[in-house]
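The values are calculated or read from the model by the stated rules, or taken from the named source; none is laboratory data. Remember, it's a predicted structure, so these values are computed and weren't measured experimentally. Cβ sites come from the backbone with ideal geometry, for glycine too, and all protein chains shown count toward neighbours. These accessible areas exclude ligands, DNA and RNA; they are computed on the full protein's heavy atoms, side chains included. Shrake-Rupley method; radii C 1.70, N 1.55, O 1.52, S 1.80 Å.
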Amino acid sequence: MPTIIVLAILAVVILWLISAYNRLISLKGQTENAWKQIDVQLKRRHDLIPNLINAVKGAMQFERETLEAVIAARNSAVSACAGATPATASQVANAEGVLSAALTRFMAVVEAYPDLKATGNIGQFQEELSSTENKVAFARQAYNDTATEYNVSQRQFPTMLAAGIAGATPAQLWEITDGADRAVPTVNLSMS
Amino acid sequence: MATFFELQEKNRKRTKLIVVCFVLFFIWLGAGLDLTIYFWGDGSVRTKSHGYSRDLSPSSVVSGAPKREKRFRPIFTVIIGLAGVGVAWWSMTNAAANVLSAMHAKPADRNRSPEELALVNVVEEMAISSSIIPPKVWIIPDPDPNALAVGLTSDDYHIAVTQGLLRTLTRDELQGVVAHEIAHLKNQDTRLMTTLTVLVGLSALISEFVARSRLLNLAGEGGDSEESKIGVALFVLWLVSVLVAPLATQLMALMVSREREFLADASAAQFTRNPEALAHALEKIAAATARTAFVKPASAHLCIASPLSDDLDYQAADSWFATHPPIKTRIHRLLTIGKRMAVQGSH
């Protein structure tokens, strides 16, 4: 009888270990996937910017400086993103912060052009831009939420006992380091 | 005050508890009958059973079996279990398409109007925020503001909103509503509620069948031995359970539905980090008291707010028969989450 009890306890422990291991592995996969999603959304933003600028370039001839600032910020963000890993996250975050700030100035200038506002295109343009910014922000948020869940379950008892076997290491969160990015005012989101 | 993560955890635990009760109740519906047959005395039922030979009642089963050696056979447990799984599976394989076509929904087009462009963008944003594959977006031609989510697998997720909703809400509020619907998909509420709805229907069928059969006449009959008394007691208890089953299962399903609404609200707060916008949207939806004509009552639990105008009253109290918690309570909880976030600072 005691042998049976010992065996039963052993079976329960092994089953628990398997499920804890699987949970950690699944969280690790989700974290990696969420990281890639940030990348996807940043690339999407980089691809969108030339189109946006083309749409308003004609009417903004004497705002070359603003347009060039956006293009320069975009290009340096593209190079920062190439081959980025969670370890280089802060460099990417800085470059993207500069780009966000340049885009905000750009939007403010566009607002000041009554001609542009009158074309009707501008509503769509604003919507696309603010949605792009949202997508980048939400991708980061999803990454941070997933990474936090992963990190917490690595430290939590008793899941921490399986962390070694699952090769789980804490994931770095995406922090906002750049003052410019933190200060980004929201684009006017009202749907008119 | 609790964070949205703690609230989600609490809601999930409560749902699990109710679902376990639900399953136990179903097992009892089958096992109770089997136990009755097992305990019911030897001769007494057999002699009285000639008249009932057409029925699928315990008497015909008992009289058919050799009675000297008693063995426990979980026949009805297995039959009712299989029927439940079967019907649930069947209804899950063709739910989404039916619901949408019944509402005359048409696909949203980002080039048709600024509102539809914003809707498509908002759905994409919330899909990113919740890490699910973007669902298909539909517009329902109804002036009353409402929204719903259907679909049981991640490659077949749909979100539909009414034209009234697009017209009434700001972009931020729309984002809150879409986040709530995406949360239903992400938390697999559509699957859970479809299964429960089917099981409620099944228990109604069983109850109907028992009430019409002659099983009722058998209560009170049986031998004098100790075991057959247990048998009679079990049978009476079982009969009572079967007769209240439709109501009991319905109430349990509605309890689950209300828990999942709170869960979806808390998840929406996580996805948008803007619980106030959803609270405002709920206020606006409650203000439009008309009934959403295109949504059938059977799909009510999939909506952002109950499509029945009675349940939408801002002053409506918590009811055992409602698919959604009172809007007032939901708004209050959302604002509490918002205050908590303001104190902590969101990350």
Which whole-number percentage describes the relative contact order of the stretch A:30-175, with Cα contacts under 8 Å and a sequence gap of 6 or more? 34 percent
Quick check for you: with a 1.4 Å probe and neighbouring chains kept, what is the accessible area per residue of the stretch A:8-65, in Å²? 63 Å²
B plus A alone minus the pair: what accessible area, both sides summed, probe 1.4 Å, in Å² to 100? 1700 Å²
Rounded FRET efficiency, nearest 0.05, which uses the C-beta distance separating A:Met160 from B:Asn111 and R0 of 60 Å: 0.70
Pop out a list of residues from the stretch B:155-193 that are at least 50 Å² less accessible with all the protein chains around than in their chain alone; 1.4 Å probe, no ligands or nucleic acids counted. B:Arg171
Where in the stretch B:173-188 does the label zone of B:Ile132 land, with the point 7 angstrom along Cα→C-beta and an amide N cut-off under 16 Å? B:175-188
Cross-link list A:Lys36/B:Lys186; B:Lys16/B:Lys229; B:Lys13/B:Lys328; A:Lys36/B:Lys10: which exceed 26 angstrom alpha carbon to alpha carbon? B:Lys16/B:Lys229; A:Lys36/B:Lys10
Under the Debye formula (equal points on every Cα, no solvent term), log10 I(q)/I(0) of the stretch A:30-175 at q = 0.12, 0.13 Å⁻¹: -0.58, -0.64
Test item: A:129-140 mean partner chain Cβ contacts at 10 Å: 5
With the crude spin-label approximation of a point 7 Å out along Cα→Cβ, what separation in nm comes out for A:Arg23 versus A:Lys43? 3.4 nm
Taking the simple approach of a point 7 Å from Cα along Cα-to-Cβ for both A:Ala8 and A:Ser90, what is their distance in nm? 5.5 nm
Label-point gap, in nm, between B:Val244 and A:Ala108 - each point 7 angstrom along Cα→Cβ: 6.8 nm
Lys/Arg Cβ at +1, Asp/Glu Cβ at -1, dipole of the stretch A:30-175 taken about the Cα centre: which of A:Ser131, A:Gln61, A:Thr88 is farthest positive-ward? A:Thr88
